[in-house]
Amino acid sequence: MEKDYTSKIIKYFKGEHWNNFMTTHLKHPDEEVYHAHIYCDSSVHPDSMRKVMFSYFDAIGHPLTRRIDPVSPKPGQAGLHSVYPEGLPHFDMYLRFNPDVVFEAMPTSAKEAEHGQNALSWGKKYQDDYLAEKKYQFKTVGPAEDIIIENYFLGKHWKETLVNVLREEVVHCHSNVEINFDPKILEMAACRALAKIGWTVERVVPCVYDVHGTYTGKIVFLLGNPEEVFDICWKYNPDVVLCRARDGWVFPEPGFDNFMITPYLEVLKAADFYRLTDVELAEIVTSFK
């Protein structure tokens, strides 16, 4: 039986999963949200869903302010990374190919879901609670520590980070470090270093991400020029001020988790995703107005 892609996509965007994501995660009633994830099953090509994202947010008065990057953070997932609607937090949409559906919520029982959830968000309250729960004994940054931090941003790891951010085959760069001071200081130092080379920061937010089942701290930098997104990911180490991570985290290379374009292309190659026609896309867009 032929799928009715148009009506089922429209139904999804009028349905519970998406609208709960909008009202509970992107527009949380009780806290300022910094970042969010949403997980879906789909037989629709990610390129088509990228067009749907631009049209949807334009129609509701929150146009996307930057491009959406293709990322595959885990096997079998095609991600729309850094969807950034004006006036709302940026989010990532992760798609698992399912030939039996058009587009719908990924079951929370799926191994591809995140900690048993198919929609998550992180904001100020979460970050405050995360730091309080970990009970980090952050140390004071004085003149001697200032010199170490300044030298880091003149050193090899930081220079490699800048190169990785611009590498065409790297669709998202995590630069991994160890610190013993408040990560807000790291954020401010990085912003100063970026300004020195003429790179502009549109938004920067603290967040967490999953490293083999455990949430780890990170700082997300959404750059304006160049238009790139990268993260400085940190782990607390009381015995150092600031240094390149000495162990591999998600991937084996110490100091970096570089998410390459190749795994994303392999997901597309392995699955028979359907591309929406211009007529179908126009009908979907009309339903948003």
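Just to verify a result, which residue in the stretch 74-116, among those that are without any contact (Cβ under 8 Å) to a residue 40 or more places away in the chain and in contact with a Phe, Trp or Tyr (Cβ under 9 Å, 6 or more places away or on another chain), is farthest from T262 (Cα to Cα)?
Only one residue fits best here, namely E86.
Test E160 against the stated conditions and say whether it is touching a residue at least 12 places away in the same chain (Cβ under 8 Å), surrounded by 12 or more Cβ atoms within 10 Å (Cβ to Cβ) and of a type in the set (D, E).
So E160 passes the test.
Is it the case that the stretch 243-263 has a residue that's of a type in the set (D, E), touching a residue at least 40 places away in the same chain (Cβ under 8 Å), out of contact with any helix residue (DSSP H, G or I) (no Cβ under 6 Å at 6 or more places or on another chain) and within 16 Å of Y136 (Cβ to Cβ)?
Taking every residue of the stretch 243-263 in turn, none turns out to be of a type in the set (D, E), touching a residue at least 40 places away in the same chain (Cβ under 8 Å), out of contact with any helix residue (DSSP H, G or I) (no Cβ under 6 Å at 6 or more places or on another chain) and within 16 Å of Y136 (Cβ to Cβ).
More than 17 Å from the chain's Cα centre (by Cα), modelled with pLDDT of 95 or more and surrounded by fewer than 21 Cβ atoms within 10 Å (Cβ to Cβ): is that true of E227 in this structure?
Here the answer is no, as E227 does not meet what is asked.
Name the residues in the stretch 225-234 that are touching a residue at least 40 places away in the same chain (Cβ under 8 Å) and assigned to a strand (DSSP E or B), would you?
Once the filter is applied, which keeps residues that are touching a residue at least 40 places away in the same chain (Cβ under 8 Å) and assigned to a strand (DSSP E or B), the stretch 225-234 yields V229, F230, D231, I232, C233, W234.
Checking the conditions here, which among Y39, Y12, Y56 is touching a residue at least 24 places away in the same chain (Cβ under 8 Å), assigned to a strand (DSSP E or B) and of a type in the set (F, W, Y)?
Y39
Could you please give the count of residues in the stretch 13-65 that are closer than 28 Å to L265 by Cβ and at pLDDT below 95?
Qualifying residue count, the stretch 13-65: 1.
Take the stretch 212-247 and flag every residue that is of a type in the set (D, E, K, R), closer than 27 Å to G116 by Cα and touching a Pro at 6+ places or on another chain (Cβ under 8 Å).
K218
Return yes when K74 is in contact with an Asp or Glu (Cβ under 9 Å, 6 or more places away or on another chain), assigned by TED's automatic domain parsing to the domain that holds P107 and under 24 Å from L268 (Cα atoms) and no when it is not.
Yes.
Spot the failing condition for H25; the list is (1) part of a helix (DSSP H, G or I); (2) exposed (fewer than 15 other Cβ atoms within 10 Å of the Cβ), and only one is missed.
The one condition H25 does not meet is (2).
The values are calculated or read from the model by the stated rules, or taken from the named source; none is laboratory data. The model shown is predicted, which means the values in this text are computed figures rather than measured ones. Positions of Cβ are backbone-derived with ideal geometry, glycine not excepted, and every protein chain shown enters the neighbour counts.
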